1. What is the angle, in °, between the Cα long axis of helix 170-196 and the longest principal axis of the Cα atoms in the chain? Nearest 10 is fine, range 0 to 90.
2. Amide H neighbours of S167 under 5 Å, counting only residues 5+ apart in sequence or on other chains, H built in-plane at 1.01 Å?
3. Nearest 5 is fine: what % of DSSP beta bridges in the chain come out antiparallel, could you say?
4. With a 10 Å cut-off between alpha carbons and a GNM built on the chain, which of A110, A183, A124 moves the most?
5. Taking only C-alpha pairs under 8 Å that are 6+ residues apart, what is the relative contact order of the stretch 1-143 in percent?
6. For the chain, what mean projected area does the convex hull of the alpha carbons give, in nm²?
Amino acid sequence: MGEGRGRLVLVVGPSGAGKDTLLARAAEQLAGDPRFVFPKRQVTRQADQQSEDHDTLSREDFERAHSGGECTLSWEAHGLGYVIPLSILDQVNNGLVAVCNGSRRILPEAKRKYPECRVIVIGADRDVRAQRLVARGRESAAEVASRLDREVRIDEPGFEAVHIDNSGDLKVSTAAMLEALLAIAESMSAIGGSAQR
């Protein structure tokens, strides 16, 4: 995999685009591929297995990790704290492709820490996103409207993002997700093979 270095892959996109669903499907279908790991992020909210599989941490623990460097990447959004755990460093350093649910706002820091970081942007039509957000029942109508108004654009220099439309057939978007991830792993193998020749 090229000098023992892996890749961090951040999956970003607006609320209701279906990031968690695609991540879960990809993790399931790539479970037998030793090149991939899907670390759980930590969130200051109780885990909801039906919509997002994450580890829960207290606000105090988030503040300590966020300010004290006890995590790889961290951010705040919609009144919640998010953490990508420090263990991902070892996974990437050991040559694995670590695929994480991320946020656009951490891309500059991610690029600084992981110059070879890759980004996959999951999108969906506004009406589809609205239906999904209402169905999960976690927020008020005003909070849903606020999430819908937040667009996710990748305009950071140095990122060549893969865009996947998850508005329609889940099988199609899952196939696109797998294609993107496998292409990242194969590109690493190609680089490693070239370096050894």
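1. 30
2. Placed amide hydrogens put D125 under 5 Å from S167.
3. DSSP beta bridges in the chain are roughly 30 percent antiparallel.
4. Of the options given, A183 has the highest mean-square fluctuation.
5. 40
6. Average projection, Cα convex hull of the chain: 11.2 nm².
No value in this document is a laboratory result; all are computed from the given coordinates. Small disclaimer: the values here were computed from a predicted structure and weren't measured.
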